[in-house]
1. Quick check on ASN33: is it out of contact with any strand residue (DSSP E or B) (no Cβ under 6 Å at 6 or more places or on another chain), surrounded by 15 or more Cβ atoms within 10 Å (Cβ to Cβ) and without any contact (Cβ under 8 Å) to a residue 40 or more places away in the chain?
2. Return the residue satisfying two criteria in turn: it lies in region 4-30 and is touching a strand residue (DSSP E or B) at 6+ places or on another chain (Cβ under 7 Å) and at pLDDT 95 or above, and of such residues it is nearest to MET72 (Cα to Cα).
3. Looking at region 1-120, what helices (runs of 4 or more DSSP H) fall wholly within it and have at least 1 residues that are among the acidic types (Asp, Glu)?
4. Can you tell me which residue is nearest to the chain's Cα centre (by Cα) among those in region 50-64 that are of a type outside the set (Phe, Trp, Tyr) and within 21 Å of LYS109 (Cβ to Cβ)?
5. Spot the failing condition for LYS98; the list is (1) surrounded by 15 or more Cβ atoms within 10 Å (Cβ to Cβ); (2) under 25 Å from LEU112 (Cβ atoms); (3) at pLDDT 95 or above, and only one is missed.
6. Please identify the pairs in which a residue from region 83-102 that is within 16 Å of ALA35 (Cα to Cα) has its Cβ atom under 8 Å from the Cβ atom of a residue that is surrounded by 11 or more Cβ atoms within 10 Å (Cβ to Cβ) and among the small types (Gly, Ala, Ser), counting only partners at least 6 apart or on another chain.
7. Would you point out which residue out of ALA68, ALA35, ALA30 is over 19 Å from LEU83 (Cβ atoms) and of a type outside the set (D, E, K, R)?
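The values are calculated or read from the model by the stated rules, or taken from the named source; none is laboratory data. Source: prediction; values computed, not measured. Counting neighbours? That spans all protein chains shown, and the Cβs are built from the backbone with ideal geometry, glycine included.
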Amino acid sequence: MVLTDSIFNTIKHMLGIEPEYTHFDNDILAHINTAINILGQVTGLKKEGFYIEGPKETWEDYLGDDSAHAQMVKTCIYNRVRLLFDPPLNSSVIELMKNNLNELEWRLKIELDREEEQDGPANS
């Protein structure tokens, strides 16, 4: 993933939806923004007031130059959107996805906390 890729188009692609198909765009946008907010609350990865309105917002807009965490963030957002937008029919698969999402969020939080301890608070 390139940080200059569109958040919206990346998640649509991961959901198996072509960019030209716009019927569910409002639903997907709402779910992406929900996932971004939840991820920020759970991990502390917050960019105050950040949300997407469509395909123009990029991963770089959200993460800055933090490419080290980009893959985990992308997977967390995709998993959350998938569970909200198009959950699997099999309850075992849903549980697997939820467990995976919880583990990824936990690992991201631990990593971000460790980096903050090493670097000191951002406002110092």
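1. Numbers: out of contact with any strand residue (DSSP E or B) (no Cβ under 6 Å at 6 or more places or on another chain): yes; surrounded by 15 or more Cβ atoms within 10 Å (Cβ to Cβ): yes; without any contact (Cβ under 8 Å) to a residue 40 or more places away in the chain: yes.
Answer is yes for this residue.
2. The selected residue is ILE7.
3. Numbers: elements: 7-14, 25-43, 59-63, 70-85, 91-119.
Qualifying helices (runs of 4 or more DSSP H): 25-43, 59-63, 91-119.
4. LEU63
5. (1)
6. LEU84/ALA35
7. Numbers: ALA35 fails: over 19 Å from LEU83 (Cβ atoms); ALA30 fails: over 19 Å from LEU83 (Cβ atoms).
Only one candidate qualifies: ALA68.
Okay, residues lined up against (1) within 23 Å of HIS13 (Cα to Cα); (2) modelled with pLDDT of 95 or more; (3) exposed (fewer than 13 other Cβ atoms within 10 Å of the Cβ):
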position	(1), (2), (3)
GLY49	no, no, yes
TYR62	yes, no, no
ASP66	yes, no, no
THR75	yes, yes, no
PHE85	yes, yes, no
GLU111	no, no, no
GLU116	no, no, yes
